[in-house]
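Colleague: Below is a structure I'd like to ask you about.
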Amino acid sequence: MDRYKKQRLRMVEGQIRARGISDERVLKAMETIPRHLFVDEGLIASAYSDNPLPIGERQTISQPYIVALMTQALSLTGKERVLEIGTGSGYQTAILASLCDRVFSIERIASLASRARRILDHLNFYNVAIRVGDGSWGWKEEAPFDAIITTAAAPRIPPYLIEQLAPGGRLVAPIGGRDVQTLYKMTRKADAPDELLPEDLGGCRFVSLIGESGWKE
Ligand code: SAH
């Protein structure tokens, strides 16, 4: 077994399963996807540690546990079309891509988007489309989505994203102030699509969503 595989197994047992994540497909994906390829070379030794890491442009790759928590909340079975706002390193994108049918991911910063694209291509994730722009608007041409995830914090749930959520769909997003937020899961009821069921998944700290539904630079 290579040394990174060992580190991944340890990460999943110690940081993720131990904290209550139980979706076996999520655990398996996190044991498989090489997180160290998504961090800067100088940080490879910390790739599997229990914290976020800088990825350049003042952005971060989320802590592994948070990736697991958000992914589990989307309840993916393999058939879904998923919209992600905030591609960043592409690590969360890869986890999603291995658990659903297609991922549509939007990143504001072109250099991060192209770096993520390169790594995802290298790992043969052909079911990922990446677009550069403000994810506040969602991706109208490809809507509706069975699941939507935003990995940048906003003061409120971006209304265009709610519009693009399919009946029965799940949206997971950090909502709150610039420094601390609450992670919310919203489910659009299948039998009453006008109703959204909110769930509080706990406190979190994300970088800011910059754009129409977020903050100015
Ligand atoms: N899931 C990523 C998290 C990256 S941090 C990872 O684990 O690597 C959040 C990302 O959201 C940053 O890359 C930031 O540039 C991006 N972002 C911020 N506002 C955005 C917006 N309005 N639209 C799209 N991406 C945005």
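Each value in this text was obtained by applying a stated rule to the coordinates, not by laboratory testing. Fair warning: this is a prediction, and the values are worked out from it, not measured in the lab. When we count neighbours, we look across all protein chains shown, and the Cβ atoms used for this are built from the backbone with ideal geometry, even at glycine.
Colleague: Between residues in the range 35-64 that are under 18 Å from I119 (Cα atoms) and assigned to a strand (DSSP E or B) and residues that are more than 12 Å from the ligand (Cβ to nearest atom) and of a type in the set (S, T, N, Q), which pairs lie under 9 Å by C-beta distance while being six or more apart or on different chains?
Modeller: L53/S46
Colleague: Looking at (1) over 21 Å from A68 (Cα atoms); (2) in contact with a Gly (Cβ under 9 Å, 6 or more places away or on another chain); (3) in a loop (DSSP other than H, G, I, E, B), which is the only condition D194 fails?
Modeller: Going through the list (1) over 21 Å from A68 (Cα atoms); (2) in contact with a Gly (Cβ under 9 Å, 6 or more places away or on another chain); (3) in a loop (DSSP other than H, G, I, E, B), D194 breaks only (2).
Colleague: Something else: How many residues does the range 70-85 contain that are of a type outside the set (A, V, I, L, M, F, W, C), buried (at least 24 other Cβ atoms within 10 Å of the Cβ) and closer than 20 Å to D121 by Cα?
Modeller: Qualifying residue count for the region: 1.
Colleague: Is it the case that some residue within the range 107-115 is in a strand (DSSP E or B) and near the ligand (Cβ under 9 Å from one of its atoms)?
Modeller: The answer is yes, given that some residue of the range 107-115 is in a strand (DSSP E or B) and near the ligand (Cβ under 9 Å from one of its atoms).
Colleague: Output the residues belonging to the range 116-135 that are surrounded by fewer than 21 Cβ atoms within 10 Å (Cβ to Cβ) and either near the ligand (Cβ under 10 Å from one of its atoms) or not in a helix (DSSP H, G or I) (or both).
Modeller: If the condition is that a residue be surrounded by fewer than 21 Cβ atoms within 10 Å (Cβ to Cβ) and either near the ligand (Cβ under 10 Å from one of its atoms) or not in a helix (DSSP H, G or I) (or both), then L123, N124, F125, Y126, N127, A129, I130, R131, V132, G133, D134 are the ones that fit.
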